1. Tally the residues that are of a type in the set (D, E, K, R), part of a strand (DSSP E or B) and under 18 Å from the mean Cα position of the chain (by Cα), restricting the search to segment B:22-78.
2. Scan segment B:279-293 for residues that are at pLDDT 95 or above, more than 10 Å from chain A (Cβ to nearest Cβ) and crowded, with 16+ Cβ neighbours inside 10 Å and jot them down.
3. Which condition from (1) touching a strand residue (DSSP E or B) at 6+ places or on another chain (Cβ under 9 Å); (2) among the hydrophobic types (A, V, I, L, M, F, W, C); (3) not in a strand (DSSP E or B) is the one that residue B:86 breaks?
4. Of the residues that sit in segment B:236-250 and are assigned to a loop (DSSP other than H, G, I, E, B) and more than 10 Å from chain A (Cβ to nearest Cβ), which one is farthest from residue B:40 (Cα to Cα)?
5. Would you call residue A:21 out of contact with any Leu (no Cβ under 6 Å at 6 or more places or on another chain), of a type in the set (D, E, K, R) and more than 30 Å from residue B:246 (Cβ to Cβ)?
6. State all residues of segment A:122-155 that are in contact (Cβ under 8 Å) with a residue 24 or more places away in the chain, in contact with a strand residue (DSSP E or B) (Cβ under 7 Å, 6 or more places away or on another chain) and on the phi > 0 side of the Ramachandran plot; if no residue qualifies, say none.
7. With respect to residue A:139, determine if the residue is assigned to a loop (DSSP other than H, G, I, E, B) and within 14 Å of chain B (Cβ to nearest Cβ).
8. Scan segment B:258-293 for residues that are among the aliphatic types (A, V, I, L, M) and part of a loop (DSSP other than H, G, I, E, B) and jot them down.
Amino acid sequence: MKFNLKKDSLRDVNNHLQNIDKKSNNRSFVINNPDGNHAICAGLKDEIEVTVDGHAGYYCAGMNMNAQITINGNVGTGVAENMMSGTVHVKGNASQSAGATAHGGTLIVDGDTSSRCGISMKGIDIIVKGSVGHMSAFMAQSGNLVICGDAGDALGDSIYEAKIFISGKVKSLGADCEEKKITEKDKKILKSLLDKSGLNDKDINNFKMYGSARKLYNFNIDNVSEY
Amino acid sequence: MCGIVGIYLKNKKLNKDLGKLLTGMMNNMATRGPDSAGFAIYSPEKKNRYKYSVCFSETNAKEIKSQIIKKIKDAKIKVIADHLIIETALAPVKVLDMIKKFKNLSLVGYGNSIEIFKQVGNPKDVVKNFNLEKFSGTHAIGHTRMATESAITTDGSHPYSTGKDECLVHNGSLSNHNNLRRTLKKRGIEIRSQNDTEVAAGYISNGLLNKKSLKETLIDGLKDLDGFYTFISGTKSGMAIVRDEIACKPAVVAETKDYVAIASEFQAMAHLPNVNKAKIFEPDPGLVYSWGK
């Protein structure tokens, strides 16, 4: 089923996609002419596939649950913000705060993201095939951020228990973020995330891992299973 | 919030459509700044001819025109809504003082190339009032305002112009503008409003007066201007954009072989020709990008 945002109202399109009949076999959708509109595919909760054919604005695929959303273009601020589950795949670049505060699911960005990628992430897996801007993984609590390119200033500032894997250069580390020894378990996580993003040929040995030095917050080993 | 837009045409064939392209950009940014709007249009300069953009109030166009002609004999005057464009061979040293003496006139900007218009109201109405669609030119800069630092008046609207053929639009707010205003005034820069952006415009004028390029001045500004900003600044030869190093205020650039467009959000440029084939990027924090001759 196709929507055209030049004709259909964004509210009607989102309303349709947010209220899919559980018994319907019609589970594949295309949105044409997104033209940088905000909140496209926000709040989807069913197992459907949506392709946004063009550039999207702010908070695209925000709060997603279960849906597989592909954007054939760039996205604005806060793509997949507060996502719970499902997959969001951006074929172009993402603006700031990609995957912010998200609890789960997978966000794949083929290009670069600007600043604050994965800010306050709470369990999402983010794979960026390009580079990320400054303050990425700021206060990141849980989940994995994989960066195939470089990172800007203050990577992982005030990070909690999220993991950052990066194959390029880090301009600078933020407060309380340090390089960690990669364990076999970490390598498995990284490999599965790379495979999931179609990067089967990437050598995991080229990646370094960063995490929290645990000096800035009151880390208690008894709570480790919570992260 | 505020919306800022700019377009620089590389292909002269598009010059006649400049106003139309900017209208779409301003309309699509109306949601970011619904209380006032303004724009600056640059067209090829006429040697030894100056254009003074002024806003009139509490009078009518006919009356004020006849009063101006008495003082500036060779003036050609164009009336567009509550603005006049006064074209004359008289140089700014004389005309700027004359304009000050008219109680009903306030200067918006002047130069050999620039025309500036700004007004309180929804941007969609403002561009209609000034008939922006009909304008042609080489490059243009626009602003849609959501007021923060000063009152909702024409004086508080952007673009700000504090020097010949200069203009500045701003998304953000500055925190050291009062101190900087005093310093710049001492150096002879005229700043007319209480607005923070006008101080930044004055800062740029001061740099240009000291023979620095626009790019050099904006680089200096990264350490002297304290606050949040994305600036688009224009001169008669082109335009530049810079974001502060924290880069909370957004910007997107789309470049094709025909034009360079800048906007707060992509939706401001979704209507531009072949934009889907454009090179689209976000300007990096603390870097100055410029285009022009």
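The values are calculated or read from the model by the stated rules, or taken from the named source; none is laboratory data. As the structure is a prediction and not an experimental result, all values here were calculated from the model. Positions of Cβ are generated from backbone atoms using ideal geometry, with glycine treated the same way; all protein chains shown enter the neighbour counts.
1. Counting residues in segment B:22-78 that are of a type in the set (D, E, K, R), part of a strand (DSSP E or B) and under 18 Å from the mean Cα position of the chain (by Cα) gives 1.
2. Of everything in segment B:279-293, those that are at pLDDT 95 or above, more than 10 Å from chain A (Cβ to nearest Cβ) and crowded, with 16+ Cβ neighbours inside 10 Å turn out to be B:288, B:289, B:290, B:291.
3. Failed condition: (3).
4. So in segment B:236-250, the residues assigned to a loop (DSSP other than H, G, I, E, B) come out as B:236-237, B:244-250.
The next check asks that each one be more than 10 Å from chain A (Cβ to nearest Cβ); those that pass are B:236-237, B:244, B:249.
Details: B:236: 11, B:237: 13, B:244: 23, B:249: 21 Å.
The extreme case among them is B:244.
5. Yes, satisfied.
6. Result: A:137, A:143.
7. Considered against the rule, which asks whether it is assigned to a loop (DSSP other than H, G, I, E, B) and within 14 Å of chain B (Cβ to nearest Cβ), residue A:139 comes out as no.
8. B:269, B:270, B:272, B:278, B:287, listed by residue number.
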